[in-house]
Structures are given as structure tokens and as C-alpha cells.
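First up is the structure itself, then whatever we jot down about it.
Each value in this text was obtained by applying a stated rule to the coordinates, not by laboratory testing. Remember, predicted model here, so these are calculated numbers, not experimental data. Neighbour counts run over all protein chains shown; Cβ positions are idealised from the backbone, glycine included.
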Amino acid sequence: KPMRTIQHKGKTYLPVAKVGAEYEIRVWNHGPHRIVAIVSVDGLSVMNGQPASESHSGYIVAPYSQIHIKGWRRSLDAVAAFAFVDREKSYANLTGRPENIGVIGLIAIEEFVQTPRPLAEKQDTAKSALRAQVGNIGTEYGREIDSRVYFVPFVRSANKRAITVYYDTVAALRNAGVPVDPPMPVPFPKDSEFAPPPPGYKEK
């Protein structure tokens, strides 16, 4: 089930309703070329558990396709499931790197092709201003899940995009001033063929 995100003051927030729940990250590629998706959770690479860097390896996503990243990569055959846990139990904290708990990052880099493509504007990934406000929960190094991968050649182009999502409990985000309580507007709440008149409407 997709989780609802909230846009607030130029940043994206993910309210976590249930601590202890497992989750996965889905990456879409809407473009005509392959991309490499370099993903970090709590400031750590999901591939090797080290402080994340754009130079790290990532997952290849085919054109007009998607992948599901289910956990921290343990080997070519398995991952340790992602799960929301209290900060003290998070993988980042247990490995002595708690500085960036509460953030999920993605850098998507398009494959180099002969046809030049425009350089996409890199989004602001600054997180220092939020460290004192969010980060009460982190991501666990959970149960082992089958997830087979293999290495393939990939030449990176200069066309890339960065996305940052800050996550915490609903209560913590509310205290930080993120509007988590009002329901988000839904463009198509119900299917209806025509627009009925409102109560008290009089024919004009």
C-alpha cells in the first residue's frame, strides 16, 4: 500500500503511522533510457551500509519500468528488510552513524547515450536544519528476504535528479510544524458520471 507524503515548505515528509512496520522503496523510471538509482536510508547506502555517496553502486531501472527495494543488501541473493523502529534500534544508530536518521534519499542518474540530453536541476538536499526536529525513528536491519541481483555495465551521464524524503512519526512531524492532520485533497474521490446539485439548490 503506497504511503502518503506531505509537501511542506519545499520539502517532502512521510508520516509513519506504525512503528515496527516493514516497508519497501519503489523507484519509477518514466524516461526512455535506463537509470541507476542510488538510494540512501538514514544517510547510509542501501547497497553497502556505508555513509551514502553518489559514487556508490545502485540499482538499474529499465525505461518506463519500476523496481522495489525491500531492504539493506546483504549479498547478491538477499536483503535485510526495512522496518520503521525507534531511533535507538535503527541500523544507523547500531552501527555508530546516527547523524542522518529520518531521511530517505535518491539520486537517479540516466545512462550515457550518444544523443545529448539536458542537465536536470538538482533539488535541494539540505538536511541540517531538520536534524533537531525530525529523526525520532529510523530504519531497522530486519529479517532476511530473498532478492537476487547481478552486476551489469552502466555508463553514467550528466543528467540526474535528487529526491529527499524526511520521515518520522505523525506526532513528531506535527510537533515540527508539518501539517499532518488535515486530510490531503483527493482529485478523484468517487466516480460519478455527472455533477449533482448541492443541497438547497434552486433552479435558475
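Tabulated data for the structure shown
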read-out: Spin-label pair residue 156/residue 143, simplified geometry with 7 Å Cα→Cβ offset, distance in nm; value: 3.5 nm
read-out: Net charge over other residues, Cβ less than 12 angstrom from the Cβ of residue 71 (K, R count +1; D, E count -1); value: -1
read-out: R0 of 25 Å, Cβ-Cβ distance residue 6-residue 201: FRET efficiency to nearest 0.05; value: 0.15
read-out: Per-peptide average of other Cβ atoms within 10 Å, ordering 18-31, 38-51, 65-78 highest first; value: 38-51, 65-78, 18-31
